[in-house]
Every structure is written in structure tokens, then in C-alpha cells.
1. Looking only at region 60-89, which residues are more than 16 Å from the ligand (Cβ to nearest atom) and in a loop (DSSP other than H, G, I, E, B)?
2. Name the single residue, out of those in region 33-59 being more than 14 Å from the ligand (Cβ to nearest atom) and exposed (fewer than 15 other Cβ atoms within 10 Å of the Cβ), that is nearest to the chain's Cα centre (by Cα).
3. Based on this model, can you work out whether residue 384 counts as buried (at least 22 other Cβ atoms within 10 Å of the Cβ), more than 16 Å from the ligand (Cβ to nearest atom) and touching a residue at least 24 places away in the same chain (Cβ under 8 Å)?
4. Does residue 197 satisfy the criteria of being within 15 Å of the ligand (Cβ to nearest atom) and free of Cβ contacts under 8 Å to residues at least 24 places away in the same chain?
5. Could you list, in sequence order, the residues of region 188-203 that are under 17 Å from residue 356 (Cα atoms) and touching a helix residue (DSSP H, G or I) at 6+ places or on another chain (Cβ under 9 Å)?
6. All but one of (1) assigned to a helix (DSSP H, G or I); (2) not assigned by TED's automatic domain parsing to the domain that holds residue 221 hold for residue 141; state the number of the condition that does not hold.
7. For region 462-474, indicate whether the set of residues that are surrounded by fewer than 13 Cβ atoms within 10 Å (Cβ to Cβ) and touching a strand residue (DSSP E or B) at 6+ places or on another chain (Cβ under 9 Å) is non-empty.
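The values are calculated or read from the model by the stated rules, or taken from the named source; none is laboratory data. No experiment lies behind these values; they were computed from the predicted model shown. Reconstructed Cβ throughout: ideal geometry from the backbone, glycine too, with neighbour counts over all protein chains shown.
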Ligand code: FAD
């Protein structure tokens with residue numbers, strides 16, 4: 001007997017729910033898809049910075065970059081400026097795209113490190129095109145091979161995705177789910193019941209209900225892998241302000257004594273927020289720190305958001321897949337949450353059951369997704385543990401904490417040998433190098449191949465890269481001019 005999945009039900013109409021509805025309805029057109037969302041509950045209302053992988057998702061949906069920027073009131077993002085992380089009053093830039101010019105045997109940083117020992121290398125980001133363009137406030141799509149992402153108004157993005165989904169035949173139901181029915185034989189979810197008694201039956205359910213995880217947690221009691229002992233941040237406060245300057249093409253991440261603050265410029269406003277650990281700072285102190293450091297008139301009331309870092313041990317459990325905040329959360333330091341949603345959707349489509357849900361398929365999906373969460377977790381911890389700061393109890397904790405073995409091995413390999421090994425399907429590669437070096441983790445040695453160049457040849461090589469980047473940057477319009485030109 002065929003147990004084909006015919007009816008898919010998505011619970012939640014935030015970024016996760018509508019991203020899933022738009023992509024699945026576009027690719028699996030014969031599925032009957034219903035999305036349930038509650039206007040009364042609403043959405044989390046934050047999540048405005050992305051990484052370049054979003055292009056892949058938008059391209060499949062047929063969303064043109066210029067049109068997308070206009071409709072989401074978006075700006076272009078070339079990377080993140082980290083301020084006060086390695087030391088107070090010091091900053092470095094994590095630019096999208098690779099730094100310098102490497103070759104098959106050795107990455108650019110090996111040459112850079114030899115140059116550093118010889119006193120001829122500039123700071124690492126001088127050799128990153130995106131970082132230099134960002135710091136010069138420049139942007140253009142046309143610039144050769146520019147790697148960029150977006151800052152966007154997530155509610156406008158969800159609106160675009162909703163329109164796409166409805167065009168593809170997705171049924172939207174507004175209402176509050178207050179009961180979830182399961183099959184007593186196998187524990188699978190069978191239907192969602194709304195407050196008004198309406199029942200929505202399905203074969204497969206995607207839980208995008210936000211932090212509450214109504215299906216994956218409250219119904220299926222899926223265990224949670226808790227990472228708060230490594231990432232003790234558990235609160236954020238967000239507030240929007242009027243723009244006071246032309247928007248910069250990068251996110252600012254400014255560390256403070258118990259966490260950090262973000263600044264994300266959109267075309268019409270600035271997104272501001274503070275992330276902190278309640279063990280080291282209370283909500284009132286955080287709120288006043290945030291409000292005293294923002295520029296421009298406030299447009300919204302500051303709002304405290306509580307969270308716990310980690311993810312559901314099984315992102316796919318029985319006939320339910322959790323995505324977005326229902327699946328897990330790692331603080332937004334590297335803007336990875338929308339990327340993880342995208343990964344969850346693309347993997348689900350790749351593993352989509354032909355008939356019955358196969359446990360091996362489910363295990364593969366979970367393994368893939370857990371590896372993604374793990375990689376991001378290690379990458380985020382790196383920003384905290386690799387620091388010289390010891391000026392507050394929070395930073396003392398970070399500097400001295402026990403870190404995961406996987407991260408320890410990666411940092412040690414880099415420090416002692418200069419080598420960095422990319423693991424299977426990792427999203428961040430060059431980013432690791434930029435953050436490790438930016439945080440002060442510089443290798444002790446360089447690859448012997450860097451000695452193949454004479455000292456003048458190495459100096460010339462480094463200078464040439466720097467000059468080429470500066471020449472390209474000079475030709476670009478400012479980010480503000482570029483945004484104006486595409487809005488016409
Ligand atoms: P939500 O937006 O919370 O949506 C949940 C949906 O479920 C809503 O539609 C709600 O109505 C519905 N729902 C819930 N219960 C019921 C019910 N009983 N009946 C019916 N409907 C129900 N991500 C990034 O990529 N970049 C960032 O810069 C970034 N910054 C962030 C900053 C903070 C402080 C936080 C907390 C998150 C940030 N994120 C960021 C993450 C990002 O906000 C989320 O991943 C994204 O918004 C997806 O949220 P969601 O759709 O899972 O949940």
C-alpha cells in the first residue's frame with residue numbers, strides 16, 4: 001500500500017513558515033500545502049541580516065536581486081565589522097568573499113603570515129575586496145565577483161514569500177491552534193485543531209511555530225541539545241530608529257561588558273539591538289545601555305526577547321520537521337538563522353519521502369542539520385573564547401571557558417601549523433580565517449611554499465593585491481548612490 005505524502009501542513013507564518021511554503025510549493029507542485037498562522041500571536045519581528053547563501057534560495061524562487069532589495073527596503077551587506085571583540089578599542093572586518101590570492105597548495109594567509117614576519121604585510125582585511133569596499137562605503141552589483149548579502153525588513157520578505165506561495169496554490173488559514181492530535185499507534189501527528197474547532201489534517205507537518213515549538217516540543221517532546229554553557233547569551237532587546245546617515249553596506253557588531261550590540265541599516269530605518277547574558281547584566285541595565293547608545297529617533301518600543309542556545313536533538317521527529325526558531329537558535333552574531341532555515345528546507349526537499357517516511361532518510365536529514373548547527377556553534381564560540389578581554393566577569397568567563405573539542409582542535413591546528421581544513425559542506429571557510437586572525441589567533445608558522453617567493457617578489461605580490469582591490473573600490477559608486485539608482 002502506498003503511503004505517499006499528499007498533504008503538507010506548515011504551522012507558522014514567520015520567515016521560516018513562508019520560506020518553506022514558497023520553496024516547497026515551487027518545487028513539489030503536486031503537494032497540497034496548507035499554512036496556518038495566528039495574527040493574534042504574530043511573529044518574532046527581528047531577523048534582518050543575512051549571509052550570501054540567500055541568493056541561491058531567491059534565485060530558485062525567481063526573485064531578482066534589485067527587485068528584492070526594493071521590495072524588502074533592503075540594503076546590501078558586504079560583511080560585519082567587529083568592534084571591541086579581540087580587545088577594547090580594536091576592530092576587524094569579516095568580509096564576504098575570499099581574502100587575497102591563494103593557490104592549490106596553500107591559502108593566501110600562508111603568504112600573508114610570512115609577510116607579517118618580514119614586516120611587509122598589512123592587516124589581513126586590506127586584502128579582502130568586500131571589506132575594503134564596505135569600509136569605503138561603496139557598493140555595486142556589477143563590481144567583478146562581489147560577494148554580498150542583504151539587510152532586509154523580514155516582515156516585507158515574508159510578505160513577498162506569502163504572495164509567491166499563494167500564487168503557487170498554498171492555502172493560508174488564519175487561526176490559533178489550540179490542540180494537536182496524534183495517532184495513538186505510532187505517535188505521528190494527524191491534525192491541528194483551531195480554537196474555532198476547525199481541524200486541519202496532514203501527512204507531514206512542518207513546525208515553524210517559533211520558540212514555543214508547539215509540535216516538535218510541546219507535542220512530540222523532542223529533547224533539546226542545550227549549548228548555554230558555551231554560549232550563555234539568553235536575552236536580546238531590539239529597537240528601531242530613524243536613519244541619521246546614509247546606510248552603510250555592512251553590519252556593526254559592538255561588544256560590551258556582558259555581550260554585544262548590533263546595528264543593521266535598512267533603507268528607511270536602523271535596526272538596533274543588544275544581546276546579553278542575564279547572568280551578567282539585568283534587563284533594565286541592558287535597556288538603558290541600548291537606548292543611550294543609539295542614534296536617531298526611536299520608532300518602536302524596546303522589547304526583551306528571551307532565548308536559549310541550542311537545537312532540537314532531532315530536527316525531524318516522526319512526521320514533523322522543525323524549522324526556524326522551533327528547530328533551534330544560535331544568537332545572531334553571524335546572521336545565520338535564515339541560512340539554517342534555508343538549509344532545512346532544501347534538505348527536506350532533497351530527502352522528501354517518495355512513499356513512507358524512511359527512518360534512514362530521517363537520520364541522514366538530522367545528521368546533516370546537526371552538523372550545520374554544530375559548525376555555526378563552534379564558529380560563534382570562537383568570537384568569544386579567542387579574546388584578550390578580561391575587563392569584566394563575562395569576558396573572564398569567555399576567555400577561560402572550556403570549549404568544544406572540535407573547536408579546540410581547529411584552533412590548535414591553525415595556531416601550530418597554519419593549516420585550515422574545510423569540512424564537508426561547511427558554509428564558512430574564508431570567514432573562519434578572517435575571524436581567527438581578527439581575534440588575534442595568528443599561526444606560529446607559514447607553509448614552506450611561501451618561501452618559494454623571494455622577499456621582493458612577496459612584497460610585490462602583496463602590494464599588487466592591495467592595489468588591485470583599491471583600484472576596483474575607487475570605481476564603485478557609494479552604497480547610498482547605488483541604492484538611489486536602483487530605486488528609480
Ligand atoms: P516566528 O517569527 O516567531 O513565527 C512563528 C509563527 O508561528 C507566527 O506566524 C505565529 O503566529 C505562529 N504560531 C505560533 N503558535 C501558533 C499557534 N498556536 N497557532 C497558530 N499559529 C501559531 N536571523 C537572521 O538570519 N539574521 C538576523 O539578523 C537575526 N537576528 C535575530 C535577532 C534576535 C534577537 C532573534 C531572537 C532572532 C534573530 N534571527 C535572525 C532569527 C530570525 O528572527 C528567525 O529565525 C526568523 O524570524 C524565523 O522565525 P520563525 O518563523 O521561526 O518564528
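1. The answer is 62, 63, 64, 84, 85, 86, 87, 88, 89.
2. 56
3. Working: buried (at least 22 other Cβ atoms within 10 Å of the Cβ): yes; more than 16 Å from the ligand (Cβ to nearest atom): yes; touching a residue at least 24 places away in the same chain (Cβ under 8 Å): yes.
Criteria met by residue 384.
4. So residue 197 passes the test.
5. Listed by number, the list holds a single entry, 189.
6. Answer for residue 141: the failing condition is (1).
7. Yes, some residue in region 462-474 is surrounded by fewer than 13 Cβ atoms within 10 Å (Cβ to Cβ) and touching a strand residue (DSSP E or B) at 6+ places or on another chain (Cβ under 9 Å).
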